[in-house]
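See structure below.
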Amino acid sequence: MAEPLFAPQFFRKLQQLKIHTRKAYLGSRQGIHRSLRRGHGLEFADYRVYTPGDDFRHIDWGAYARTDRLYVRQFREEQDLNVIVILDASASMAYPEGSGKFVTARDLALALGYVAMSDGDSVMFSILGRENTPRFRGARALSRAVKALASVEPEGSFNFVEEVRAALARQKIPGRCFLISDFMMPVEQTIAALDLLRGRNFDVSIIQVLAPEELRLDTANTPPVVVDAETNETVELALSRASVQEYAALLAAHIAALERYCAKSGISHVLVSSAEPVQDIVLTKFPAVGLLK
Amino acid sequence: MGSLLSSFYFAQPLALLLAPLAALLVLAYLRKQSGSRKVVASVLILKALAKHQTIKRRFKPPLRFFLELLALLLLAAAAAAPVWQSPGDKVAILLDSSMSMRALAGPESRLSVARRALVDWLDEQPSENHYSLFTSAPALRRKGDSLISAADLRSELREVEAELSADNIPLALEQLATEERFDRVIVVTDRPVETVRTGTPGADSLRVEALPLTFAGHNLYLSDVAIEGVNRGERGYSVKVTAHSASLAPAEASIRLFTVERDGSKGRPLGDARQVTLRPGQESLVSFVLTGEPDAIVAEISGEPASDVLLEDDRAWAAPGASQGIRLLLVSDELPAAESGIPSLTGFEVDRVTARDFAALSPAEVARASFIVFHKSAPTVPPPVSSLLILPPEGNTLFPVRSVVESPRLTSWQSSHPLTSYLRVPLLKSAAAVVFDTPEWAQAVVNVEQGAILVAGESRGYRFAAAGIELLPFEGQKTPTLSVLTLNLFRWLSGAAELQSGLTPGSSLALEGEKSWVISGPDNNIVTLESSEDTPTSFTFAAPGIYRITSVSGSHADAMRQESETIVVNTFSPQESALYPPPTLTLPDTLPTPALATPGASVLWPILLRVALFILLLDILLQCFPVRRRADSAGGALSTT
């Protein structure tokens, strides 16, 4: 990238954000997120009967006064979060030409990755159709992350579900997962991919990025024949003024189907336009829907 | 509507076959439309949309198609050369506006009578006709716009005034025939017209008709006044007045002399009036002997009103010191002066000598001539006077003869040379011509295929010209083109002297050199003019009378030079004054015209071409800056959870 990815003010604001997760995960290192491990963290988790050798400072004397029995307090260990950002880099993300859809998706991925990295979490970027990046940790790793994503160009077509499966294959530890795509595929494919992620106990959020030309049908600039960027399937159209409303209804139905599944499955769904500034999306929209806090 | 359509036609109808090219444009856009496709991210939604539609191949071209179609059709129409031909005849009205039209015909002037007759004639003409009005004096001139309606013509007629000069209707007709294309020309004149059948009918000829007008009237007029014997001192001087009566019977007339005031008005009488009896067809010379210092005078003739219907020629002015005329020396072995036709030109004094006698003249005698005309002769050495050589013999050293050609064909001429002023060169016709080798100091003015037949130039301060066609005898209106050439030659040879005593109202005087001019004329009119070497100017004598012309040259006080001269302008014109018997005007019934565009036709292709080019420019702009609709940034399908 020739220009700085984000403005310095945006970086400072990103540092104030945290990845929000609804679940607790075992991390590999001490971090700021609650983990399933009980240890020496600050958050009280439970009681257990005193056994010789336990730290007597943790004896709960109030419980002894009530029960005449010695109990020690147990605390949850705060550990780092395993974040994976899955980015769709198929050919469909390159269209409409000049819409900047993939750039928006990539920048959102990097912004989320930076939030995680600056919080001490580890982030891995999984580019569907490509190799996964190494794990990045710490704010200073952003430049390496940017360098890893800079050369990615959206191209090719692949089986979405299989690629998600392959991305998860090297993931031993579940965590937070952000899946960024246009999701302009049969809902069943998306659901199958999300099921894979849920099955691996990831806290999933999907970010659907669409171009303005996809959100609203432009009959003037849509010729009679259109070709699918990935499947090369051609469709003949006879567009009219009524086609705009028909298209809007069909798109809304498609998105609604996705939203219904996400709501039922505890998955966050965010729809953004590539025309929206990335800063506005990350600083306003993501916190509003609970992706960040 | 039918007549409207019948007046419209295509000069090149075959070009309309270009119009079906529009079908190619439609095919091109159909092909472009069907082949037009676009890659989209996913056809998921669009495929669902297409299921609800009945796909029909409709031709929905963009705006550019319509612009290009319109431009193509306009270009095809322009190539077909559409012409809007307004119906009716294109008629030229040539109205005699010479001095004779001022003569009275009862209570009104002849011009008024002619005007009324013309209006009556107009009422009988088809309403579709279009007219152009021309006047004949002092030269052919259009009045108002071209091809106007009868109503507009009536308005223009009211503005026509008769001039104080003569006209040349045959020359005017020739000019009309070559300059513009009309179906007919109606000549309106007070002279009886004899139409001669020329036998050249056809599409490329102009029909000539005369409006039948008959006028009667007698006229008393003066044709000359001269002051003589100015050097007699106390013995006085004489004034000779030449008077005429154009009448059926002898007429009694009174001739009187008057002084001329400083403001040009008539002053006190000089001596007593002289009673004369003027016989028809004869000129009468009346002499007055006056005492004292000679000064400008005006002579006046008067008689019975019935014997004098034209008053504008009843006065004549003279002034001492004004040029007595152009002295022309004619050198010819076979043509006497009287038969040369030159004496008929007012202001010329012609002396004729044979070639042998010329050789015996002294340089001083030769220098007394304003210019010399060598007719079929040539000097052995260039004379110290401007000269014209007409048909010089081979072997002359001034203008070497290259050859003599039969039926010469004109090829080129200098249209801006003084010798071709008002000259319709294509009408110069001669059975044979002498072709010259143009000297280095001269220019070829008129050329035929074999070379120059009219050459002119200046050498050692004098002007010389050679004409390879016969110009004499000077026949005036009988040979209008040759006459114009002859007068141009005489005018050019006489140089700045011009025709100073032969000037009539309407004549112009060339003002040349770096000078300031002050011209005071009749009625105390004073005009100041500036002339320069690069931009000479001229002054037109509008009224008869005495003009005093003063020129000042030089810019420094000690180098300034002032020259003054007196010029007399009179209305001497036998053609206009000799009302009885009126001179017959002989006109051809048709005149050939060059193949010009049909008059009154509006050629439409330039308009169509301009519109087509404008539309193509719009098309190019649309291609460079296509009109795009702005896509909405977040449509109705955008929602968040």
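Read-outs: derived from the displayed coordinates by stated rules, not from any lab. Note that this is a predicted model, so its numbers are computed, not measured. Note that we place each Cβ from the backbone using ideal geometry, even for glycine, and neighbour counts take in every protein chain shown.
At 222 nm, what helix-only mean residue ellipticity would chain A give, in deg cm²/dmol to the nearest 500, using -39500 (n - 2.57) for each DSSP H run of four or more? If you can, show how the numbers build up before the last one.
Numbers: 9 runs with 98 residues, N = 293.
Theoretical 222 nm ellipticity from helices: -10000 deg cm²/dmol.
Can you list the HN-Hα couplings for segment B:377-384, worked out from phi with the Karplus curve (6.51, -1.76, 1.60; θ = phi - 60°), rounded to whole Hz and with x for Gly and Pro?
So the Karplus estimates, Gly and Pro as x, are 8, 7, x, 6, 10, x, x, x Hz.
Specify whether the C-alpha gyration tensor of segment B:277-364 places it in the rounded, prolate or oblate class, a ≥ b ≥ c being the square roots of the eigenvalues: rounded for a/c under 1.5, otherwise prolate if a/b is larger than b/c and oblate if not.
In terms of gyration-tensor shape, oblate.
When 1/r is averaged over all different Cα pairs and the result inverted, which Kirkwood radius in Å belongs to chain A?
One decimal place: 21.1 Å for the Kirkwood radius.
How high is the relative contact order of segment A:131-251, in percent, with contacts defined as C-alpha pairs under 8 Å that are six or more residues apart?
On the way: 90 pairs, mean separation 24.2, N = 121.
Normalised by residue count, the contact order of segment A:131-251 is 20 percent.
Convert each backbone phi in segment B:95-101 into a coupling constant with the Karplus relation 6.51 cos²θ - 1.76 cosθ + 1.60 (shift: θ = phi - 60°), then list the ³J(HN,Hα) values in order as whole Hz, x for Gly and Pro.
9, 5, 10, 7, 4, 4, 6
Show me the ranking of peptides A:252-264, A:187-199 by mean Cβ neighbours inside 10 Å, starting with the highest. Could you put the intermediate results ahead of the total?
Details: A:252-264: 16.2, A:187-199: 17.8.
Result, highest mean first: A:187-199, A:252-264.
Only helices at least 18 Å long along their own axis, judged from Cα atoms, and with Kyte-Doolittle mean hydropathy of -0.5 or greater: name those in chain B from DSSP H.
Length and hydropathy pass: B:21-35, B:63-79, B:110-123, B:480-494, B:605-624.
When the Cα centres of segment B:85-151 and segment A:107-167 are compared, how far apart do they sit, in Å?
99
Give me the orientation-averaged projected area of the Cα convex hull of segment B:161-285, in nm², one decimal.
Across all orientations, segment B:161-285 yields a mean hull projection of 12.9 nm².
Taking the Cα atoms of chain B alone, what are Rg (to one decimal) and Dmax (as a whole number) in Å?
35.3, 135
What's the center-to-center distance, using Cα atoms, between segment B:262-280 and segment A:236-293 in Å?
117
Cα-based Rg (one decimal) and Dmax (whole number) for segment A:121-272, in Å?
Spelled out, the Cα radius of gyration and Dmax of segment A:121-272 are 17.7, 53 Å.
Which order do peptides B:404-416, B:307-319 fall in by mean Cβ count within 10 Å, highest first?
Values: B:404-416: 13.7, B:307-319: 23.0.
So the peptides B:404-416, B:307-319, ranked by packing, come out B:307-319, B:404-416.
Full-extension gain between residue B:477 and residue B:431, please, as 0.36 nm times their residue separation minus the C-alpha to C-alpha distance.
Contour length minus Cα-Cα distance gives 14.6 nm.
Find which of A:167, B:586, B:611 sits farthest along the positive direction of the dipole of the protein assembly as shown, computed with +1 on the beta-carbon of Lys and Arg, -1 on that of Asp and Glu, about the Cα centre.
A:167
Per-residue counts of other Cβ atoms within 10 Å, averaged by peptide: what ranking do you get for B:126-132, A:110-116, B:572-578, highest first? Could the numbers behind the result be given before it?
On the way: B:126-132: 17.4, A:110-116: 26.9, B:572-578: 21.7.
For the peptides B:126-132, A:110-116, B:572-578, the packing ranking is A:110-116, B:572-578, B:126-132.
Provide the per-residue ³J(HN,Hα) series for segment A:173-183, in order, calculated from phi with Karplus coefficients 6.51, -1.76, 1.60 and θ = phi - 60°, each as a whole number of Hz, with x at glycine and proline positions.
Running phi through 6.51 cos²θ - 1.76 cosθ + 1.60 with θ = phi - 60° gives 10, x, x, 9, 10, 10, 10, 10, 6, 8, 6 Hz.
Direction-averaged shadow area of the convex hull around the Cα atoms of the protein assembly as shown, nm²?
In nm², the orientation-averaged hull projection of the protein assembly as shown is 71.7.
Using the Cα atoms as the points, what is the convex hull volume per residue of segment A:97-198 in Å³?
For segment A:97-198, the hull spanned by Cα atoms encloses 103 Å³ per residue.
May I ask you to derive the relative contact order of chain B, considering only C-alpha pairs under 8 Å and at least 6 residues apart, and to give it as an integer percent?
Contact order relative to length: 16 percent.
Along the Cα-to-Cβ line of residue B:11, 7 Å from the Cα, sits a label point; which residues in segment B:181-200 have backbone N less than 19 Å from it?
Those under the cut-off are B:181-183.
As I understand it, the dipole of the protein assembly as shown uses +1 on the Cβ of Lys and Arg and -1 on the Cβ of Asp and Glu, about the Cα centre. Which of B:118, A:221, B:193 lies farthest toward its positive end?
So the residue furthest toward the plus end is A:221.
In chain A, which helices (entire DSSP H runs) extend 27 Å or more along their own long axis, judged by Cα positions, while averaging at least -0.5 on the Kyte-Doolittle scale?
What comes out of the filter, once short or polar helices are dropped, is A:241-265.
Mind putting a number on the dipole of the protein assembly as shown about its Cα centre? Charges go on the C-beta only, +1 for Lys and Arg and -1 for Asp and Glu, and I need it in Debye to the nearest 20.
Value, rounded to 20: 7840 debye.
How many nm is it between the label spots at residue B:394 and residue B:159, if each spot is 7 Å from the Cα in line with the beta carbon?
5.8
Could you work out, residue by residue across A:214-227, how many beta carbons of other chains sit within 10 Å of that residue's beta carbon, and then give the average as an integer?
Mean partner-chain Cβ count within 10 Å for A:214-227: 6.
Any chance you could get the radius of gyration and Dmax over the Cα atoms of segment B:327-479, in Å?
Looking at segment B:327-479, its Cα Rg and Dmax stand at 14.9, 42 Å.
Put +1 on the Cβ of each Lys and Arg and -1 on the Cβ of each Asp and Glu in the protein assembly as shown; which of A:143, B:237, B:490 then has its Cα farthest toward the positive end of the dipole?
A:143
Would you mind computing, in nm to one decimal, how far apart the modelled labels at residue B:207 and residue A:143 are, each placed 7 Å from Cα along Cα→Cβ?
10.3
About its Cα centre, what dipole magnitude does segment B:309-422 give when the only charges are +1 on Lys and Arg Cβ and -1 on Asp and Glu Cβ, stated in debye to the nearest 20? Before the final figure, lay out each step's value.
Numbers: 8 positive and 12 negative charges, 81 e Å.
So the dipole magnitude of segment B:309-422 works out to roughly 380 debye.
How about residue B:32: which lysines have a C-alpha closer than 30 Å to its C-alpha, ignoring those fewer than 8 places off in the same chain?
Once the sequence-local lysines are set aside, what remains near residue B:32 is A:101, B:47, B:51, B:56, B:60.
Evaluate the charge dipole of chain B about its Cα centre and quote only its size in Debye, nearest 20, assuming +1 on the Cβ of each Lys and Arg and -1 on the Cβ of each Asp and Glu.
Details: 56 positive and 68 negative charges, 1029 e Å.
That gives a dipole near 4940 debye.
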